[in-house]
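Shown next, in structure tokens, is the structure this report addresses.
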Amino acid sequence: MSFINKNPYFPKLIEEELKKLGLKSADDNDKKIFYCDISYGNRNNPSFQKCEIVNQLANVNPLGNKKEQYNHHLNYYKERPDYIPFTMSFHRNNTDAVHDLFLNTPGESPNIFILKPENGLSRGGVGIVRNNLEFETHLNNNPEYKEWIVQEYIDHPLLFKNKKFHFRVYVIYMQTDNMQVAYLSRKGFIYTANKEFNKDSYERDVVLSGENSPNNVHYIPDDFYSEFGKQVWENKVWPQIVKITRETLKSTLDYLNCPAKGQKCFKILGYDILIDKDYKCYLAEINARNVSYKYPNQKFRDTFYKNILKLVLEKEPLSTKELKKKGLPYERILYKYDGNMIEGFNGIVRMSQIEFQKIMESSKTFNRWFWNLFYPFLLIVIFIITYQLGKK
């Protein structure tokens, strides 16, 4: 069996792990390739249609395009969830409705919004605006973007070391022709702003957080534990992250597919999640096309993709209990098999298909055991009753 490895962040680790399994680098004569790690832009290349396992989806826009993701969510749930701030999409040539957002009653504080290109990357084109002049100036300074999202700005953030920050959490989504499953990683990042927070400043280095340098990168859950306590993370923050990732994925399942029929495909999704001073979480965006890891420490480098490979190469989806037993730091948040939602249905975690089959087999065994014992006993009782009636 062979592999193709074009991963820009963990190439050496992936190659070493695959070679340990007996795989070799693919050549032009290979009719089938067992594992392919390629860029999103190459997903439809005919050369990669013969990959049995591939790290891309046919189309990530249902998740990665802010407008599409928001509309899918509204269509599925029929209302805007409280973890998505007020949101409106618009084209730069049709901004009348956006201008109305800045109309204030005299004496009121100005309405503050964040502008994002609909399909932007790495905070490109993102800015904070408080009035129509700032709004028009921002659009004029970013002429390359046509489609936009305007969203309510969260102006009371929780601070990490006196800086605004957001979480970067990872979901590993996998799919075959009859199965869809998603795992939420318990390991991720805290990305801070460059400068300390000042509520009166809207400078980019103050209000926008990201992986700008190693000094901006911290780790979850450990660094969050140190700053705010384990109980806050486990009881207040983590359940919200599970809910956000599960519900956003669930609303897009019908639109996700592998690049080719018969493949097992997977995709690493980087969720950026904001949090306010009351520990309320909000979805900022889902990074789906290109998920970067600029400054991870060595421990993260040594374990992150190695664990993903273990997860992807499993023959059957693993339950959260099975993940824990194997020492894999994930929680399964969604599992759909043959069109049936096994886990993640209305937020309820249900047993896996395999677990269900085991229980059914145990039930059949019990039924056979019960009737094997009870039937002879029943015959004896009937015989005794018949004999007693005959004597009378």
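Note on region 241-279: among residues that are farther than 23 Å from residue 311 by Cα and touching a strand residue (DSSP E or B) at 6+ places or on another chain (Cβ under 9 Å), the one that is surrounded by the most Cβ atoms within 10 Å (Cβ to Cβ) is 275.
Taking residues in region 38-52 that are farther than 19 Å from residue 11 by Cβ and without any contact (Cβ under 8 Å) to a residue 24 or more places away in the chain, and partners anywhere that are small (Gly, Ala, Ser) and outside any loop (DSSP other than H, G, I, E, B), not one pair has Cβ atoms closer than 7 Å while being at least 6 places apart or on different chains.
Inspection of region 63-72 identifies no residue that is assigned to a loop (DSSP other than H, G, I, E, B), of a type outside the set (Ser, Thr, Tyr) and closer than 16 Å to residue 6 by Cβ. Restricting attention to region 299-312, does a residue exist that is in a helix (DSSP H, G or I) and free of Cβ contacts under 8 Å to residues at least 12 places away in the same chain? Looking through region 299-312, at least one residue is in a helix (DSSP H, G or I) and free of Cβ contacts under 8 Å to residues at least 12 places away in the same chain.
Against the definition (touching a Ser or Thr at 6+ places or on another chain (Cβ under 7 Å) and either within 17 Å of residue 220 (Cα to Cα) or part of a helix (DSSP H, G or I) (or both)), how does residue 331 come out, yes or no? It is true that residue 331 is touching a Ser or Thr at 6+ places or on another chain (Cβ under 7 Å) and either within 17 Å of residue 220 (Cα to Cα) or part of a helix (DSSP H, G or I) (or both).
Of everything in region 112-124 that is of a type outside the set (Lys, Arg) and at pLDDT 85 or above, the residue that is farthest from the chain's Cα centre (by Cα) is 112. The residues in region 313-328 that are without any contact (Cβ under 8 Å) to a residue 60 or more places away in the chain and not in a loop (DSSP other than H, G, I, E, B) can be counted, and the count is 5. Say whether the condition of being within 23 Å of the chain's Cα centre (by Cα) and under 30 Å from residue 260 (Cβ atoms) is met by at least one residue in region 81-98. Checking region 81-98: not a single residue is within 23 Å of the chain's Cα centre (by Cα) and under 30 Å from residue 260 (Cβ atoms).
For residue 308, the conditions (1) at pLDDT 90 or above; (2) within 16 Å of residue 248 (Cα to Cα) all hold with the exception of (2).
Within region 82-90, none of the residues are assigned to a loop (DSSP other than H, G, I, E, B), of a type in the set (D, E, K, R) and touching a helix residue (DSSP H, G or I) at 6+ places or on another chain (Cβ under 7 Å). Candidates are the residues of region 63-98 that are touching a residue at least 60 places away in the same chain (Cβ under 8 Å) and of a type in the set (S, T, N, Q); the one that is farthest from residue 248 (Cα to Cα) is 89.
All conditions but one from (1) β-branched (Val, Ile, Thr); (2) out of contact with any Leu (no Cβ under 9 Å at 6 or more places or on another chain); (3) modelled with pLDDT of 95 or more apply to residue 242; the one that does not is (2). When each of 50, 66, 24 is tested for being modelled with pLDDT of 90 or more, of a type in the set (D, E, K, R) and surrounded by 11 or more Cβ atoms within 10 Å (Cβ to Cβ), the lone residue that passes is 24.
The values are calculated or read from the model by the stated rules, or taken from the named source; none is laboratory data. Keep in mind the model is a prediction, meaning the values are calculated, not measured. Cβ coordinates were reconstructed from backbone atoms using ideal geometry, including for glycine residues, and neighbour counts include every protein chain displayed.
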